[in-house]
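One structure below.
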Amino acid sequence: MTLRNLMDRAVEFGMEADYRGLEGSLRCREEEAERVVIAAGLKGRAAERLRGRWPVFGDVAWHTGEAKQPVRRLLVGINMPMESVVKAKQLNGDGWGIDMLFAHHPHGNEPAIPRALQHYLRPSVVEVDARSLASFLDMPLASAKRIAEINSRQCEKWREGRTFASGRQAHMSVQLAESFGLPFYSCHTPCDNHLFWGIQQVLNQQPRTVGDLMEAVLAIPEYARFRRERQQAPEVLVGSKRSLLGKTWNADTSATIRCVELEEVVAEVARLGFGSIVGVIKQREEIGRLAAKYKLNAVHLPHDPSDNLGINCLLDKLIKLEPLDILCTGDFYRVQRV
């Protein structure tokens, strides 16, 4: 497998795992690219070039390395701090043959997009496709459109003054990898989409109560390990283990819907007959307050084991294509399901 092939397959698998599906993901990409063309005032070849290069996911980037370079052994981490880059260099000096650094969290700007247009990228945010959302969650199209509009407004607020980067340390990791001649790839939403389906499989088993849901989640190896070794476990924010789940909103759709903590979204979820919200919830206090107000159960899933689950599920698909050797760093633990 080459570096380019691995990146392309990861994005394809990310689209397949997206609630929007391949068609919806590509449709959103085209719509967002067209908005950027209009906002930036691009015309002719410049506009066509941007349309062709605009990414499906704004938080996936190939930072360093040659497209045709063979890839067999990966150093994989949720983050890729500078000490992990240095360690990779040292290991290669000892003959380990690490071909690529694979980080989950974003670690720098997307090289294919001109620097002057980087601010149009929406880090860790993907456009909501109302038609796909309505179909997937079996809700009226009008409600899905309202949520999509809210999400779009929130995206615009977050985009102002933000870049793709995760911070200065992340940029320095990329610079260090480049100076060492180590290919560096970061892949966020495709992994988060696989996390979404991991949790959705639990919900498809139709756990009856919050306690049943907690037990099912803790049966997943990634969550079991972090509970055992890090004391990180699912947390009931509102409700009790005896509370009936009812229809459950998988908040890890917030891999693509980043406005779930807004009151107008929670109110819409409750109005549509959902009884619970579950997922990696960043604004726990706010979600707890809103869930209590609208009489919803709320269950928070810890971030690190959730990221581990998403990365592992994506790696399993990549390994089915060609064998890959995985070394772990940056709070990542490999769990192989194939």
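Table: residues versus (1) more than 25 Å from Asn204 (Cβ to Cβ); (2) in contact (Cβ under 8 Å) with a residue 60 or more places away in the chain; (3) outside the structural domain of Gly14 (by TED's automatic domain parsing).
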position: Val265; (1), (2), (3): no, yes, yes
position: Glu268; (1), (2), (3): no, yes, yes
position: Gly273; (1), (2), (3): no, no, yes
position: Val278; (1), (2), (3): no, yes, yes
position: Gly310; (1), (2), (3): no, yes, no
position: Ile319; (1), (2), (3): no, no, no
position: Gln336; (1), (2), (3): no, no, yes
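Checking the stated criteria, Leu218 turns out to be closer than 29 Å to Lys295 by Cα, touching a Lys or Arg at 6+ places or on another chain (Cβ under 8 Å) and free of Cβ contacts under 8 Å to residues at least 40 places away in the same chain. Let me confirm something: among Arg49, Arg4, Arg20, Arg53, which residue is at pLDDT below 95 and farther than 30 Å from Ser179 by Cα? Selected residue: Arg20, the only one of Arg49, Arg4, Arg20, Arg53 that is at pLDDT below 95 and farther than 30 Å from Ser179 by Cα.
Among the residues of the stretch 57-77, just one is surrounded by 21 or more Cβ atoms within 10 Å (Cβ to Cβ), part of a loop (DSSP other than H, G, I, E, B) and of a type in the set (A, V, I, L, M), namely Val71. Within this structure, Lys68 fails the test of being more than 24 Å from Asp129 (Cα to Cα), out of contact with any Ser or Thr (no Cβ under 9 Å at 6 or more places or on another chain) and not acidic (Asp, Glu).
Listed here are the residues, each with its yes/no results for (1) surrounded by fewer than 23 Cβ atoms within 10 Å (Cβ to Cβ); (2) in contact with a Phe, Trp or Tyr (Cβ under 9 Å, 6 or more places away or on another chain); (3) not in a loop (DSSP other than H, G, I, E, B).
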position: Val278; (1), (2), (3): no, yes, yes
position: Ala298; (1), (2), (3): no, no, yes
position: Leu327; (1), (2), (3): yes, yes, yes
position: Arg337; (1), (2), (3): yes, no, no
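Restricting Glu30, Glu48 to those that are within 25 Å of the chain's Cα centre (by Cα), among the charged types (D, E, K, R) and not in a loop (DSSP other than H, G, I, E, B) reduces the list to Glu30.
Can you say whether Leu315 is outside any loop (DSSP other than H, G, I, E, B), in contact with a strand residue (DSSP E or B) (Cβ under 8 Å, 6 or more places away or on another chain) and either under 16 Å from Val217 (Cα atoms) or not assigned by TED's automatic domain parsing to the domain that holds Val217 (or both), as far as the supplied structure shows? For Leu315, the condition - outside any loop (DSSP other than H, G, I, E, B), in contact with a strand residue (DSSP E or B) (Cβ under 8 Å, 6 or more places away or on another chain) and either under 16 Å from Val217 (Cα atoms) or not assigned by TED's automatic domain parsing to the domain that holds Val217 (or both) - is met. Comparison of Gln206, Gln283 shows that the only residue that is closer than 22 Å to Leu133 by Cα and without any contact (Cβ under 8 Å) to a residue 24 or more places away in the chain is Gln206. Summed over the stretch 67-100, residues that are of a type in the set (D, E, K, R) and under 27 Å from Leu26 (Cβ atoms) total 1. Filtering the stretch 64-79 to residues that are of a type in the set (A, V, I, L, M) and farther than 13 Å from Leu6 by Cβ leaves Leu75, Ile78.
The values are calculated or read from the model by the stated rules, or taken from the named source; none is laboratory data. Everything numeric here is computed off the predicted structure, so don't read it as measured data. Every residue, glycine as well, gets a Cβ built from its backbone with ideal geometry; the counts of neighbours run over all protein chains shown.
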